[in-house]
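J.: Submitted below is the structure of interest, expressed as C-alpha cells.
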Amino acid sequence: LSSLQFMVNCFQSFYPEVLAKCLIKDAPWIFNGFWKLVKPLLDPVVASKIVFVKESELKNHIPAENLPTAFGGKDLFVYEYFPPDSHED
C-alpha cells in the first residue's frame, strides 16, 4: 500500500493537471472495491477526474463525432498495428 501511495503522490506532485478526465468503461465489479481503497489516497480534484461509465454513457462525455463507431459514435477511424520488421543477424 505504501508503494501505491508513493506512486499516487508522484503523479499528483509532478504531473498536475495533465489529465482532464479518465473514463473507465464497463469496469468489473471488483474495481469498485479497489476504487474504495485508492480514492482516499488521491487529492479530491484528482479523484473527481476518474469516472466509471457504462458504454451507453460515453456520449455524455465524448462527442459522437469523436467516439468510435464500435462504442456507438460516428468516428470511422480504425486502429491498425504494424509490428516492426524483425531483422535476422
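J.: Give the residue that is farthest from residue 21 (Cα to Cα), with candidates limited to residues of segment 47-89 that are among the basic types (Lys, Arg) and at pLDDT 90 or above.
T.: Going residue by residue through segment 47-89, those that are among the basic types (Lys, Arg) are 49, 54, 59, 74.
Checking the rest, the ones that are also at pLDDT 90 or above come to 54, 59, 74.
Details: 54: 15, 59: 14, 74: 21 Å.
So, considering only residues that are among the basic types (Lys, Arg) and at pLDDT 90 or above, the one farthest from residue 21 (Cα to Cα) is 74.
J.: What's the total number of residues in segment 63-84 that are in contact with a helix residue (DSSP H, G or I) (Cβ under 8 Å, 6 or more places away or on another chain) and in a loop (DSSP other than H, G, I, E, B)?
T.: Within segment 63-84, residues that are in contact with a helix residue (DSSP H, G or I) (Cβ under 8 Å, 6 or more places away or on another chain) and in a loop (DSSP other than H, G, I, E, B) number 5.
J.: Checking the condition hydroxyl-bearing (Ser, Thr, Tyr) and either outside any helix (DSSP H, G or I) or under 18 Å from the mean Cα position of the chain (by Cα) (or both), which residue from 56, 13 passes? Before the answer, list the steps.
T.: Details: 13 fails: either outside any helix (DSSP H, G or I) or under 18 Å from the mean Cα position of the chain (by Cα) (or both).
Being hydroxyl-bearing (Ser, Thr, Tyr) and either outside any helix (DSSP H, G or I) or under 18 Å from the mean Cα position of the chain (by Cα) (or both) holds for just one of 56, 13, which is 56.
J.: Moving to a separate point now. Any residue at all in segment 35-49 that is in a loop (DSSP other than H, G, I, E, B), of a type in the set (A, V, I, L, M, F, W, C) and touching a helix residue (DSSP H, G or I) at 6+ places or on another chain (Cβ under 7 Å)? Working first, answer last.
T.: Filtering segment 35-49 for residues in a loop (DSSP other than H, G, I, E, B) gives 42-43, 49.
Right, trim to of a type in the set (A, V, I, L, M, F, W, C) and you get 42.
Going one step further and asking which of them are touching a helix residue (DSSP H, G or I) at 6+ places or on another chain (Cβ under 7 Å), we end up with 42.
Yes: segment 35-49 contains one or more residues that are in a loop (DSSP other than H, G, I, E, B), of a type in the set (A, V, I, L, M, F, W, C) and touching a helix residue (DSSP H, G or I) at 6+ places or on another chain (Cβ under 7 Å).
J.: Let me ask something else about it. Can you tell me which residues in segment 16-33 are farther than 28 Å from residue 73 by Cβ and either in contact with a Pro (Cβ under 7 Å, 6 or more places away or on another chain) or open to solvent by 70 Å² or more (accessible area, probe 1.4 Å) (or both)?
T.: Correct list: 16 only.
J.: Would you pick out the residues in segment 36-49 that are within 19 Å of residue 6 (Cβ to Cβ), open to solvent by 40 Å² or more (accessible area, probe 1.4 Å) and under 15 Å from the mean Cα position of the chain (by Cα)?
T.: Of everything in segment 36-49, those that are within 19 Å of residue 6 (Cβ to Cβ), open to solvent by 40 Å² or more (accessible area, probe 1.4 Å) and under 15 Å from the mean Cα position of the chain (by Cα) turn out to be 39, 46.
The values are calculated or read from the model by the stated rules, or taken from the named source; none is laboratory data. Everything numeric in this text was worked out from a predicted model, so none of it was measured. So basically every Cβ, Gly included, is an ideal-geometry build from the backbone, and we count neighbours across all protein chains shown. Surface accessibility is based on the protein's heavy atoms, side chains included, excluding ligands, DNA and RNA. Shrake-Rupley method; radii C 1.70, N 1.55, O 1.52, S 1.80 Å.
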